[in-house]
Structure formats: structure tokens, C-alpha cells
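If you scroll down you'll find the structure; I have some questions about it.
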Amino acid sequence: MRSHVISTKNAVKTIDPLVVKNLKVWFPIKSGVIQKTIGHVKAVDGVSFSVKKNETLGVVGESGSGKTTLARAILRLVKPTAGEVRFDGINIPKANRQQMKTLRQKVQIIFQDPYASLDPRQTVSSLLREAMHIHGVVKSKSEATEKSLKLLRKVGLDEEHLYRFPHEFSGGQRQRIAVARALVANAEFLILDEPTSFLDVSVQASVLNLLKDLQKDLNLTYMFITHNLAVVHHMSNRVAVMYLGKIVELADKNTIYRNPKHPYTFQLMAAIPVPNPEAKKKEILLEGDVPSPINIPLGCRFHPRCKYAKEKCRKVEPNLVEKDGHFVACHSEIDFSAEMRTGESADG
């Protein structure tokens, strides 16, 4: 995938804040007394993309597609096997200690389970102050308290919540605290790993709207990981569809939803429920399960589940090719737009 780069005398500065090139994360499979490597789990296998300033890139796919491993590799929470991850020109896998401290301040992640990601032994005030002191964004306890209160109010909480422990909050409140903690050191880029999947449906909308408001107010850039396609459409500017460690399609959200080019994307979009009990919609179901990343099929990884597969699909793995800003990895040029329009007309 093309990346937009400006060369300067002293450094390479990317226009897009995040640029990922051919990223691989393979986990070794070991066996025997001497723990000999007998294979690899190819969780992420050659992923390339970029994220533009102030946009939200949605990343979707079934469980086991590599979405969360991709997020962790970008943050260097797991060590990449190969490839580059550049944020503001710094190659994260090769960054030194000081560069990583700066990156940890600028790039943060919000996990899907807010209770597991918050220390149960710390009050909200302690959680927020700790991050501020680590990154040196405050000089005194009073300044930390003032900043903590300002942040809590920004995420919809109040002063009374400062001195409570995580177990004293609802799931939605805990996720708001997680958002505040991610922003406490003036982060610029947030990776949102299914941030509403542990929340009641009634609470999800308020948290998503909060994230959109914060993005606008603080000029934030998001990478939004989820399996909820309706949420992706609400939150994202562009959408990357992952399957078995690869990106199989990437385009702006309206193009993805109205004119998908990859059979996997088409079947995902066709599975979105219609919000009309009287509407009739042709049922298109994905058959089978995602193959094991230990034993990846030859050729196109989706061909065992694809009714459009040709002989070439079984032998040759397709590359991610761009046409008018729409990236797709598929040997077959299938136009699903008519079938998607049929679904839209059924929506009423």
C-alpha cells in the first residue's frame, strides 16, 4: 500500500500520523524437551495501511481475524515479527526507551473490559494522578487534582467520583474513566479495542457519542476495532476488513457499505440486521468457520468459504490492489452493488 512520506534533511516525517507496512506477528509453536519450533500461529501476516490525522479507521472482522493482535503490535505490547509501524516518523518496533515514553504519551489504548483494565486497589484520583506523574504533565498534587476533575467532567462524571474505586461504578462509568485515563497525558491517537462490547445496549450509544465529541473537541485520531458493523458505520470514516491475519478490503465507509468488492465483506454487510420488522431481506449467511492461523489455506485465505472461488483462488494468494482509493484483495471482479441496493430498498 502506498504511504505518504516527506523526506527532510534530518528525518523522515509522515503526513499520516500512523503508517503500517507489511506488519507480521507470528507466534512460535514449540514442542519437545528442547522446545523446538515446529510451526507458527500467523496472527497478523503482512498488513499495510495508514491512518489520517483526525479520522477514525474502523477495523472489522470475525473473532480470530487478528484485530486485537494488530492493535497490540502497533503499541508494541507484543513484539512484531517483521514490518514497520511508524508514528510521527518513529519506527515503533525499533524505538528506544525515551522514544517509547513519548509514544506511550501520544498513543493510548482503551480495552474492551473496563473493569479488567483498571487497578481495583486504586481510586480514580490515584489512577489519573499516576499517569500524569509518569509523563510529567503536572508539577504538583493540586494541579493533578484540578486536571483530573476537568477530565472527569469532560467524560460525563463529577468530583464525587474522584475518590471511589472501580468496583463502585457501573460498566459505562468505568469505561468513561478508562477514556479519561487514556487522555490524561494529552494523547493524540487512541486505539479503541471494542470499547462498548461489555456495555448494555442502552449505554453503548452514550459512550460512542462521547468518543465522537472528544474527537472533535481534542482533534483526536482513532483506530476503532469492533465486530459490530452498525457501530463501525456510525463511528468510522474508512473501514478495513480483516480476515485470517490479512486486510482483504479497505475503503471509505460509504463505499464499503454500498459497494463492497470482496465476497467476505459483502457477506458481512449483508448480515447487518434491518431495523424494520416488516422489511424482507434476502438471507446471506457465511458458511463454516475461520480456518486456523496455524494451517492457513493455500491461495486466497477465504476460498474454502467462498462460493465465487475459482481455480486461481485455490492456488494464488491475491495482493491488496488499489483502484480509486478502494483497496481489495480478490481475483474475482464481482459487482455486489446491485444486491446491496436491493437490501437498501428493503430497508424502506
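Please list, ordered by residue number, the helices (runs of 4 or more DSSP H) wholly in the range 89-139 having 1 or more residues that are buried (at least 17 other Cβ atoms within 10 Å of the Cβ) and more than 20 Å from the chain's Cα centre (by Cα).
Numbers: elements: 97-106, 114-117, 124-135.
Answer list for the range 89-139: 124-135.
May I pose another question? From LYS150, LYS79, LYS67, grab the single residue that is basic (Lys, Arg), under 20 Å from PHE27 (Cβ atoms) and surrounded by fewer than 17 Cβ atoms within 10 Å (Cβ to Cβ). Full working, then the answer.
Values: LYS150 fails: under 20 Å from PHE27 (Cβ atoms); LYS67 fails: surrounded by fewer than 17 Cβ atoms within 10 Å (Cβ to Cβ).
Going through LYS150, LYS79, LYS67 in turn, just one is basic (Lys, Arg), under 20 Å from PHE27 (Cβ atoms) and surrounded by fewer than 17 Cβ atoms within 10 Å (Cβ to Cβ): LYS79.
Further question on the same structure: Mind checking which residues of the range 309-326 are surrounded by fewer than 15 Cβ atoms within 10 Å (Cβ to Cβ) and under 17 Å from PHE266 (Cα atoms)?
Of everything in the range 309-326, nothing turns out to be surrounded by fewer than 15 Cβ atoms within 10 Å (Cβ to Cβ) and under 17 Å from PHE266 (Cα atoms).
Let me ask something else. With respect to the numbered conditions (1) surrounded by 17 or more Cβ atoms within 10 Å (Cβ to Cβ); (2) under 29 Å from VAL231 (Cα atoms); (3) of a type outside the set (A, V, I, L, M, F, W, C), which one is the sole condition not fulfilled by LYS53?
Checking LYS53 against (1) surrounded by 17 or more Cβ atoms within 10 Å (Cβ to Cβ); (2) under 29 Å from VAL231 (Cα atoms); (3) of a type outside the set (A, V, I, L, M, F, W, C), the one that fails is (1).
Scan the range 195-215 for residues that are surrounded by fewer than 20 Cβ atoms within 10 Å (Cβ to Cβ) and under 21 Å from PRO120 (Cα atoms) and report the count.
The qualifying residues number 2.
Still on this model: Does GLU62 fit the bill of being touching a Phe, Trp or Tyr at 6+ places or on another chain (Cβ under 9 Å), among the charged types (D, E, K, R) and at pLDDT below 95?
Values: touching a Phe, Trp or Tyr at 6+ places or on another chain (Cβ under 9 Å): yes; among the charged types (D, E, K, R): yes; at pLDDT below 95: yes.
Considered against the rule, which asks whether it is touching a Phe, Trp or Tyr at 6+ places or on another chain (Cβ under 9 Å), among the charged types (D, E, K, R) and at pLDDT below 95, GLU62 comes out as yes.
Does GLY156 fit the bill of being surrounded by fewer than 20 Cβ atoms within 10 Å (Cβ to Cβ), among the small types (Gly, Ala, Ser) and on the phi > 0 side of the Ramachandran plot? First the steps, then the outcome.
Details: surrounded by fewer than 20 Cβ atoms within 10 Å (Cβ to Cβ): yes; among the small types (Gly, Ala, Ser): yes; on the phi > 0 side of the Ramachandran plot: yes.
Yes, satisfied.
Within the range 272-280, can one find any residue that is under 28 Å from SER50 (Cβ atoms) and modelled with pLDDT under 95?
Initially, the range 272-280 is screened for residues under 28 Å from SER50 (Cβ atoms), giving 272.
Add one more test, that the residue is modelled with pLDDT under 95, and what stays is 272.
Yes.
Let me spell it out: the conditions are (1) in a loop (DSSP other than H, G, I, E, B); (2) of a type in the set (S, T, N, Q); (3) closer than 25 Å to LYS53 by Cβ, and ASN254 meets all of them except one. Which number is the exception?
Of (1) in a loop (DSSP other than H, G, I, E, B); (2) of a type in the set (S, T, N, Q); (3) closer than 25 Å to LYS53 by Cβ, only one is false for ASN254: (1).
The values are calculated or read from the model by the stated rules, or taken from the named source; none is laboratory data. As the structure is a prediction and not an experimental result, all values here were calculated from the model. Reconstructed Cβ throughout: ideal geometry from the backbone, glycine too, with neighbour counts over all protein chains shown.
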